[in-house]
Amino acid sequence: MQISHHKVVSFQFSLSNDSGEVIDASEADKPLVYLHGEENIVPGLELALEGKHVGDKLKVSLDAADAYGEHDPEMIEVVSAEMFEGIDHLEVDMEFHAAMADNDEEGQTVRITKIDGDNVTIDGNHPLAGMHLDFDITIEDIREATEEELEHGHVHGAGCCGDGECEEEECCGEGNCSN
């Protein structure tokens, strides 16, 4: 079987930056698992994996545009600390889910990058945005997606939807099966 649209793919990976520093990697017994063709991984990597088979090993080098996108200065904003109601202590690198505009129903993750008194700088860019990335990949498994996975657009982990129902706290480790 080869990797194609709507196949569930498991792979081991190591991710390095331009300096060769490993910035992320899968654990030996926990490969990354995703539903191919549903934009669950960065676009350049998904394209590079198309047509590969179990056991294939490859090196994939991606420019920022094909990975997490270019760094967008318009996604950085200074807001008042009062915007963080109920949070007693703010720290740099804390992440929050926020609507960036009145019509932003879905919202996005923002990260605190600076705190200056009551002024808090938040950044909606992915932490790896603007970076050239190098992946070392080994394909471990390819299988057909289940109907529920196709319906939801992502892979379900062990224990998820075992009874046909998607339990929010169990589903995919994401705590969300509403899509």
Among the residues listed as D18, D24, the single one being among the acidic types (D, E), under 30 Å from I115 (Cα atoms) and touching a residue at least 40 places away in the same chain (Cβ under 8 Å)
D18
Let me spell it out: the conditions are (1) assigned to a helix (DSSP H, G or I); (2) touching a Gly at 6+ places or on another chain (Cβ under 6 Å), and E148 meets all of them except one. Which number is the exception?
(2)
From the options T121, T113, T138, residue that is among the polar types (S, T, N, Q), assigned to a strand (DSSP E or B) and within 26 Å of L35 (Cα to Cα):
T138
Report every pair of residues separated by at least 6 positions or lying on different chains whose Cβ atoms are under 6 Å apart, first residue within the stretch 140-168 and in the same structural domain as E39 (by TED's automatic domain parsing) and modelled with pLDDT of 90 or more, second surrounded by 13 or more Cβ atoms within 10 Å (Cβ to Cβ) and β-branched (V, I, T).
I142/I3; I142/V9; I142/V54; R143/V8; A145/V8; E149/V155; V155/V8; V155/V33
Hey, Q108 within 23 Å of H152 (Cβ to Cβ) and under 19 Å from the mean Cα position of the chain (by Cα) or not
yes
Let me confirm something: among A98, A81, A64, which residue is of a type in the set (A, V, I, L, M, F, W, C), more than 15 Å from I139 (Cβ to Cβ), surrounded by 14 or more Cβ atoms within 10 Å (Cβ to Cβ) and within 15 Å of the chain's Cα centre (by Cα)?
A64
Could you please let me know if H36 is more than 14 Å from V9 (Cβ to Cβ) and under 22 Å from the mean Cα position of the chain (by Cα)?
no
Filter result for E95 (modelled with pLDDT of 90 or more, at negative phi and in contact with a Lys or Arg (Cβ under 6 Å, 6 or more places away or on another chain)):
yes
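The values are calculated or read from the model by the stated rules, or taken from the named source; none is laboratory data. Since the model is a prediction, treat every value here as computed from it, not as a measurement. Backbone-built Cβ (ideal geometry, glycine too); neighbour counts: all protein chains shown.
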